[in-house]
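Step one of this worksheet: look at the structure below.
The values are calculated or read from the model by the stated rules, or taken from the named source; none is laboratory data. These numbers were taken from a predicted model, which means no experiment stands behind them. Using ideal geometry, Cβ is built from the backbone for each residue, glycine included, and neighbour counts are taken over all protein chains shown.
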Amino acid sequence: KRRPKKKILRQAPGVSSSALQEAHDIFGDVDELLLLRKQGLKKGGGYDDSGDWREKRLEDEFEPSVIKEKYLSEKDNQIRDKDMPERIQ
């Protein structure tokens with residue numbers, strides 16, 4: 001048995017077309033803004049309060065105690081980068 005295809009809605013449920021037109025008149029076409037936001041989310045950054053682009057850092061998301069506990073600090077990363085396994089030393 002075939003499943004019936006879902007209809008693609010052209011507007012959000014519960015929003016009238018006149019309300020959508022009014023929002024479009026006020027804010028303009030938001031497709032470009034949505035594309036920029038999607039690209040920004042993929043990169044892992046965002047805009048700060050002043051409107052400048054900032055890369056997302058662990059320090060911005062987690063408490064310092066959690067970062068130290070999980071060995072995710074910048075110092076731990078430096079040790080990982082230069083550390084050699086014992087069998088090679």
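Search the range 43-89 for residues being aromatic (F, W, Y) and at pLDDT 75 or above, and hand back the single one that is nearest to the chain's Cα centre (by Cα).
Looking at the filtered set, the residue picked out is F62.
Could you grab the pairs with beta carbons closer than 9 Å, sequence gap of 6+ or different chains, first residue in the range 27-38 and assigned to a helix (DSSP H, G or I), second one surrounded by fewer than 10 Cβ atoms within 10 Å (Cβ to Cβ)?
L33/F27
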